[in-house]
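Student: Input: one structure, supplied below.
Since every read-out is calculated from the coordinates, none of them should be taken as a lab result. All values reported here derive from a predicted model rather than from experimental measurement. Backbone-built Cβ (ideal geometry, glycine too); neighbour counts: all protein chains shown.
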Amino acid sequence: MSAPTADVPALLSLRGVNKSFGAVHVLQDVDFDAHAGQVTALVGDNGAGKSTLIKGIAGIYGFDHGGYVFDGEHVTVSNPKQANALGIEVVYQDLALCDNLDIVHNLFLGREVTKAGRLDEATMERRAKETLAGLSVRTVKSIRQQVASLSGGQRQTVAIARSVLWNSKVVILDEPTAALGVAQTEQVLKLVRRLADNGLAVVLISHNLNDVFEVADRISVLYLGRCVAQVVASDVTRNQVVELITSGRSGDLGLGAAAALAASPDTATDPTGPLNAVEAS
Ligand SMILES: Nc1ncnc2c1ncn2[C@@H]1O[C@H](COP(=O)(O)OP(=O)(O)OP(=O)(O)O)[C@@H](O)[C@H]1O
Ligand SMILES: [Mg+2]
């Protein structure tokens, strides 16, 4: 695995993390870094382990073993509360917004501000306005608008704004543009960039390499549950990233030839596969 240039120390670092579900070894000795003020794209084919990795980061399930370092300290994160307390927020693909509530109530869903036992609407409204203004969100007409009436891009914006209300330091976005058209994708990518420019460590899961190359500072590639490369985006070409995603290696990057072949699903389960042919020859 090639190391990204070490200009800024990582805010979040995983070292050699593993996760199995029963007999299925989904994450194998994965290293992963996210840096404050930067967008780190997490890419990999379907089933590579991206969601499993972020669920481990978010404490939805603990890693079986491996190191979790946050802001230079070894930490234990085995439930979502511990991750939230560190300032780690995840925007999941389904967004989990309540259609029948307005933007303010969605932003504070489950973490409502109260005063003398009642909802403190004025404080929530003020903080909602400040947060949206801080993110330069101008497309929303009224923060008292029901979420059901918003476009896909606006809904994504609300979900992202919710994740930065809480003194967040790391925001992880799972496929934020997957369901969006061209103009809305552009808006959300600008927002993603602003989060990083505001100092957050942003992790962007995406299958869309246009998006990745537009906003990412760094790219981490998962291949069959292994991290095969963590690179600075400007150091690699799109073709190299495609090769890393599909075969685990590209030239000097990624797994060695034998390791890539051994990991390949075509050979791992097939005793007559190419690896054996290579060994026999
Ligand atoms: N709870 C679970 N029990 C058993 N296997 C699981 C579980 N969760 C994930 N897996 C397996 O782990 C592997 C990685 O899944 P994961 O969802 O992390 O992939 P992904 O990279 O997010 O894929 P996609 O791009 O399709 O979202 C898959 O083979 C999946 O079947
Ligand atoms: Mg996934």
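Student: For ASN167 and VAL182, calculate 0.36 nm times their separation in residues minus their Cα-Cα distance, and state this gained length in nm to one decimal.
Tutor: Full extension from ASN167 to VAL182 adds 2.3 nm.
Student: Show me the ranking of peptides 234-242, 59-67, 158-166 by mean Cβ neighbours inside 10 Å, starting with the highest.
Tutor: Packing proxy ranking, top to bottom: 158-166, 59-67, 234-242.
Student: Another question, if that's okay. Name the shape class, rounded, prolate or oblate, that the alpha-carbon gyration tensor gives for the chain, where a ≥ b ≥ c are the square roots of its eigenvalues, rounded holds for a/c under 1.5, and otherwise prolate holds if a/b is larger than b/c and oblate otherwise.
Tutor: Verdict is prolate for the chain.
Student: How would you classify region 163-236 from its alpha-carbon gyration tensor, with a ≥ b ≥ c the square roots of the eigenvalues: rounded for a/c under 1.5, else prolate if a/b is greater than b/c, otherwise oblate?
Tutor: The shape class here is oblate.
Student: Taking the Cα centre of region 14-127 as origin, sum charge times position over the Cβ atoms of Lys and Arg (+1) and Asp and Glu (-1), and report the length of that vector in debye to the nearest 20.
Tutor: Computed about the Cα centre, the dipole is about 220 debye.
Student: Which of ASN239, ALA196, LEU42 sits closest to the plus end of the dipole of the chain, meaning its Cα is farthest towards the positive end, when Lys and Arg get +1 and Asp and Glu get -1 on the C-beta?
Tutor: Final value for the positive-end residue is ALA196.
Student: Right, next: Determine the dipole magnitude for the chain: charges of +1 sit on the beta-carbon of Lys and Arg, -1 on that of Asp and Glu, nothing else is charged, the reference point is the Cα centre, and the result goes in debye to the nearest 20.
Tutor: 1060 debye
Student: Could you tally the net charge around ARG226, taking each other residue with its Cβ under 10 Å from the Cβ of ARG226, Lys/Arg +1 and Asp/Glu -1?
Tutor: Combined, the nearby Lys, Arg, Asp and Glu give -2.
Student: If amide hydrogens are placed 1.01 Å from N in the peptide plane, which non-local residues have theirs closer than 5 Å to the one on VAL26?
Tutor: LYS19, SER20, PHE21
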